[in-house]
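The structure appears below as C-alpha coordinates.
The values are calculated or read from the model by the stated rules, or taken from the named source; none is laboratory data. What you see is a predicted model; the values in this text were computed from it and never measured. A quick note on method: Cβ atoms are made from the backbone with ideal geometry, for glycine too, and the neighbour counts reach across all protein chains shown.
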(Lines give C-alpha, C1' and ligand atoms only; values in the text may rest on other atoms or scores of the structure.)
Protein backbone atom coordinates (compact mmCIF):
# COMPACT_ATOMS: atom_id res chain seq x y z
CA UNK A 1 0.00 0.00 0.00
CA UNK A 2 1.41 3.35 -0.97
CA UNK A 3 0.79 6.60 0.81
CA UNK A 4 0.30 9.94 -0.94
CA UNK A 5 3.40 12.08 -0.95
CA UNK A 6 3.15 15.62 0.33
CA UNK A 7 3.82 18.22 -2.32
CA UNK A 8 4.84 20.81 0.24
CA UNK A 9 7.14 20.47 3.21
CA UNK A 10 8.37 23.11 5.66
CA UNK A 11 11.74 22.92 3.89
CA UNK A 12 10.26 23.36 0.40
CA UNK A 13 7.94 26.25 1.15
CA UNK A 14 8.91 29.72 0.08
CA UNK A 15 9.93 31.51 3.28
CA UNK A 16 8.61 34.77 1.85
CA UNK A 17 5.21 33.41 0.85
CA UNK A 18 2.29 34.83 2.85
CA UNK A 19 1.06 32.56 5.60
CA UNK A 20 -2.56 33.40 4.90
CA UNK A 21 -5.14 36.06 5.45
CA UNK A 22 -5.40 37.07 9.12
CA UNK A 23 -9.17 36.66 8.87
CA UNK A 24 -8.50 32.91 8.66
CA UNK A 25 -7.57 32.96 12.35
CA UNK A 26 -11.21 32.93 13.43
CA UNK A 27 -12.47 30.77 10.57
CA UNK A 28 -13.43 27.82 12.79
CA UNK A 29 -14.93 29.82 15.65
CA UNK A 30 -16.36 32.86 13.91
CA UNK A 31 -19.96 31.74 14.39
CA UNK A 32 -19.33 30.86 18.05
CA UNK A 33 -17.55 33.96 19.33
CA UNK A 34 -19.01 37.44 18.76
CA UNK A 35 -16.59 40.29 18.19
CA UNK A 36 -14.83 41.67 21.28
CA UNK A 37 -14.68 45.37 20.46
CA UNK A 38 -14.32 46.94 23.92
CA UNK A 39 -11.03 47.36 25.80
CA UNK A 40 -10.19 44.63 28.29
CA UNK A 41 -8.55 45.22 31.66
CA UNK A 42 -6.87 42.24 33.37
CA UNK A 43 -5.79 43.00 36.92
CA UNK A 44 -3.32 40.33 37.96
CA UNK A 45 -1.44 38.17 35.44
CA UNK A 46 -0.51 35.22 37.59
CA UNK A 47 -1.72 31.68 36.97
CA UNK A 48 -5.33 32.48 36.08
CA UNK A 49 -4.87 36.00 34.72
CA UNK A 50 -2.28 34.93 32.15
CA UNK A 51 -4.50 32.10 30.90
CA UNK A 52 -7.47 34.45 30.62
CA UNK A 53 -5.32 36.86 28.60
CA UNK A 54 -4.08 34.12 26.27
CA UNK A 55 -7.58 32.84 25.64
CA UNK A 56 -8.95 36.35 25.04
CA UNK A 57 -6.34 36.96 22.35
CA UNK A 58 -7.31 33.74 20.59
CA UNK A 59 -10.95 34.82 20.86
CA UNK A 60 -10.19 38.05 19.01
CA UNK A 61 -9.70 40.71 21.70
CA UNK A 62 -8.02 43.74 20.16
CA UNK A 63 -7.04 45.92 23.14
CA UNK A 64 -5.82 44.54 26.47
CA UNK A 65 -4.47 46.40 29.51
CA UNK A 66 -2.37 44.34 31.94
CA UNK A 67 -1.72 45.37 35.53
CA UNK A 68 0.47 43.48 38.03
CA UNK A 69 3.27 44.66 40.35
CA UNK A 70 5.14 41.34 40.52
CA UNK A 71 8.07 39.80 38.66
CA UNK A 72 8.28 36.24 37.38
CA UNK A 73 10.02 34.08 39.97
CA UNK A 74 11.28 30.52 39.28
CA UNK A 75 8.39 29.05 41.28
CA UNK A 76 5.93 30.88 38.98
CA UNK A 77 7.16 29.31 35.74
CA UNK A 78 5.34 25.97 35.53
CA UNK A 79 2.27 26.68 37.70
CA UNK A 80 1.57 29.96 35.91
CA UNK A 81 2.65 29.12 32.36
CA UNK A 82 5.57 31.48 31.93
CA UNK A 83 8.80 30.54 30.14
CA UNK A 84 12.07 30.04 31.99
CA UNK A 85 13.48 32.97 30.01
CA UNK A 86 10.83 35.18 31.66
CA UNK A 87 12.37 34.86 35.12
CA UNK A 88 13.07 38.22 36.76
CA UNK A 89 11.00 40.10 34.19
CA UNK A 90 7.90 41.97 35.26
CA UNK A 91 4.94 39.66 34.74
CA UNK A 92 3.13 42.23 32.60
CA UNK A 93 6.08 42.47 30.20
CA UNK A 94 6.53 38.69 30.03
CA UNK A 95 2.80 38.30 29.43
CA UNK A 96 2.84 40.97 26.73
CA UNK A 97 5.53 39.08 24.84
CA UNK A 98 3.51 35.86 25.00
CA UNK A 99 0.29 37.56 23.86
CA UNK A 100 1.85 39.43 20.94
CA UNK A 101 3.29 36.15 19.66
CA UNK A 102 -0.28 34.83 19.28
CA UNK A 103 -1.59 37.55 16.97
CA UNK A 104 -0.64 38.99 13.57
CA UNK A 105 1.32 42.20 13.63
CA UNK A 106 -0.70 45.38 14.22
CA UNK A 107 -3.91 43.52 15.14
CA UNK A 108 -3.47 43.62 18.92
CA UNK A 109 -2.69 46.47 21.30
CA UNK A 110 -1.25 45.62 24.72
CA UNK A 111 -0.55 48.19 27.42
CA UNK A 112 1.27 47.23 30.60
CA UNK A 113 1.79 48.66 34.04
CA UNK A 114 4.10 46.92 36.52
CA UNK A 115 2.31 48.33 39.53
CA UNK A 116 -0.72 48.02 41.76
CA UNK A 117 -4.27 48.53 40.51
CA UNK A 118 -4.52 51.68 42.64
CA UNK A 119 -1.40 53.13 40.97
CA UNK A 120 -2.69 52.15 37.54
CA UNK A 121 -6.14 53.64 38.06
CA UNK A 122 -4.82 57.03 39.12
CA UNK A 123 -2.89 57.29 35.85
CA UNK A 124 -5.30 55.63 33.43
CA UNK A 125 -8.78 56.63 34.46
CA UNK A 126 -9.17 59.09 31.58
CA UNK A 127 -7.84 56.55 29.09
CA UNK A 128 -10.28 53.87 30.20
CA UNK A 129 -13.32 55.98 31.06
CA UNK A 130 -14.87 55.79 27.60
CA UNK A 131 -17.72 53.52 26.66
CA UNK A 132 -17.06 50.93 29.34
CA UNK A 133 -14.62 48.19 30.14
CA UNK A 134 -14.53 44.44 30.10
CA UNK A 135 -12.79 43.66 33.40
CA UNK A 136 -11.17 40.48 34.71
CA UNK A 137 -10.06 40.53 38.33
CA UNK A 138 -7.34 37.95 39.06
CA UNK A 139 -5.68 39.36 42.18
CA UNK A 140 -4.81 37.70 45.49
CA UNK A 141 -5.58 40.75 47.61
CA UNK A 142 -9.21 41.19 48.58
CA UNK A 143 -8.55 44.85 49.40
CA UNK A 144 -7.25 45.41 45.86
CA UNK A 145 -10.24 43.50 44.49
CA UNK A 146 -12.63 45.76 46.41
CA UNK A 147 -10.81 48.83 45.13
CA UNK A 148 -11.12 47.64 41.54
CA UNK A 149 -14.82 46.85 41.84
CA UNK A 150 -15.59 50.25 43.36
CA UNK A 151 -13.52 51.97 40.66
CA UNK A 152 -15.33 50.35 37.73
CA UNK A 153 -18.77 49.74 39.24
CA UNK A 154 -20.38 52.60 37.34
CA UNK A 155 -18.45 52.08 34.09
CA UNK A 156 -18.08 48.44 33.15
CA UNK A 157 -19.68 46.18 30.58
CA UNK A 158 -18.69 42.80 32.00
CA UNK A 159 -16.83 42.01 35.23
CA UNK A 160 -15.36 38.58 35.91
CA UNK A 161 -13.52 37.22 38.95
CA UNK A 162 -12.45 33.61 39.47
CA UNK A 163 -11.04 32.49 42.82
CA UNK A 164 -9.21 29.21 43.31
CA UNK A 165 -8.37 27.31 46.47
CA UNK A 166 -6.96 23.83 46.06
CA UNK A 167 -9.34 21.91 43.78
CA UNK A 168 -12.28 24.27 44.20
CA UNK A 169 -12.96 27.35 42.11
CA UNK A 170 -15.54 30.08 42.46
CA UNK A 171 -16.40 31.91 39.26
CA UNK A 172 -18.17 35.27 39.62
CA UNK A 173 -19.53 37.46 36.86
CA UNK A 174 -21.59 40.62 36.47
CA UNK A 175 -22.88 42.63 33.53
CA UNK A 176 -23.91 46.26 33.68
CA UNK A 177 -27.50 45.42 32.70
CA UNK A 178 -28.20 43.17 35.67
CA UNK A 179 -28.88 45.14 38.82
CA UNK A 180 -28.82 44.98 41.76
CA UNK A 181 -25.34 43.48 41.64
CA UNK A 182 -24.57 40.27 43.51
CA UNK A 183 -20.79 40.70 43.46
CA UNK A 184 -20.42 43.14 46.41
CA UNK A 185 -21.81 40.47 48.74
CA UNK A 186 -18.79 38.28 47.91
CA UNK A 187 -16.24 40.89 49.02
CA UNK A 188 -14.69 40.68 52.45
CA UNK A 189 -11.45 41.59 54.20
CA UNK A 190 -8.10 39.93 53.57
CA UNK A 191 -8.22 38.57 57.13
CA UNK A 192 -11.43 36.71 56.32
CA UNK A 193 -10.17 35.34 52.99
CA UNK A 194 -9.68 31.62 52.52
CA UNK A 195 -6.10 30.77 53.42
CA UNK A 196 -5.31 28.87 50.21
CA UNK A 197 -4.19 31.77 48.04
CA UNK A 198 -4.44 31.17 44.32
CA UNK A 199 -0.65 31.04 43.97
CA UNK A 200 -0.04 28.80 46.99
CA UNK A 201 -1.93 25.74 45.75
CA UNK A 202 -2.25 26.13 42.01
CA UNK A 203 -1.45 23.78 39.17
CA UNK A 204 -1.26 24.78 35.53
CA UNK A 205 -4.23 22.55 34.56
CA UNK A 206 -6.30 24.12 37.34
CA UNK A 207 -5.41 27.62 36.14
CA UNK A 208 -6.53 26.72 32.62
CA UNK A 209 -9.74 25.20 33.95
CA UNK A 210 -10.53 28.29 36.02
CA UNK A 211 -9.92 30.62 33.07
CA UNK A 212 -11.96 28.47 30.71
CA UNK A 213 -14.80 28.12 33.21
CA UNK A 214 -15.19 31.89 33.47
CA UNK A 215 -14.72 32.62 29.77
CA UNK A 216 -16.84 29.80 28.34
CA UNK A 217 -19.51 29.54 31.01
CA UNK A 218 -20.08 33.23 31.70
CA UNK A 219 -18.21 35.69 29.46
CA UNK A 220 -19.10 34.03 26.14
CA UNK A 221 -22.71 33.68 27.18
CA UNK A 222 -22.76 37.41 27.95
CA UNK A 223 -21.22 38.18 24.55
CA UNK A 224 -24.00 36.17 22.91
CA UNK A 225 -26.72 37.92 24.97
CA UNK A 226 -27.51 34.65 26.70
CA UNK A 227 -28.32 34.26 30.42
CA UNK A 228 -25.41 33.23 32.63
CA UNK A 229 -24.88 32.28 36.26
CA UNK A 230 -23.37 35.07 38.32
CA UNK A 231 -21.86 32.87 41.03
CA UNK A 232 -20.73 29.26 40.54
CA UNK A 233 -18.70 27.06 42.90
CA UNK A 234 -17.12 24.09 41.17
CA UNK A 235 -15.19 21.12 42.58
CA UNK A 236 -12.67 20.13 39.94
CA UNK A 237 -11.71 16.83 41.57
CA UNK A 238 -15.31 15.63 41.60
CA UNK A 239 -16.26 17.46 38.36
CA UNK A 240 -19.25 18.76 40.25
CA UNK A 241 -20.99 22.12 40.53
CA UNK A 242 -21.50 22.57 44.24
CA UNK A 243 -23.47 25.83 44.19
CA UNK A 244 -24.75 28.21 41.54
CA UNK A 245 -26.67 31.46 41.52
CA UNK A 246 -28.11 33.34 38.59
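Taken over the range 204-242, residues that are surrounded by 11 or more Cβ atoms within 10 Å (Cβ to Cβ) and assigned to a strand (DSSP E or B) amount to 7.
Is it true that residue 172 is in contact with a strand residue (DSSP E or B) (Cβ under 9 Å, 6 or more places away or on another chain), farther than 18 Å from residue 141 by Cα, modelled with pLDDT of 95 or more and surrounded by 17 or more Cβ atoms within 10 Å (Cβ to Cβ)? Here the answer is no, as residue 172 does not meet what is asked. Where strands (runs of 3 or more DSSP E) sit wholly within the range 45-148, those with at least 3 residues that are within 16 Å of residue 161 (Cβ to Cβ) and within 12 Å of the chain's Cα centre (by Cα) occupy 133-137.
Check the range 142-157 and report whether any residue there is loosely packed, with under 14 Cβ neighbours inside 10 Å, out of contact with any helix residue (DSSP H, G or I) (no Cβ under 8 Å at 6 or more places or on another chain) and either closer than 24 Å to residue 69 by Cα or at pLDDT 90 or above (or both). Looking through the range 142-157, at least one residue is loosely packed, with under 14 Cβ neighbours inside 10 Å, out of contact with any helix residue (DSSP H, G or I) (no Cβ under 8 Å at 6 or more places or on another chain) and either closer than 24 Å to residue 69 by Cα or at pLDDT 90 or above (or both).
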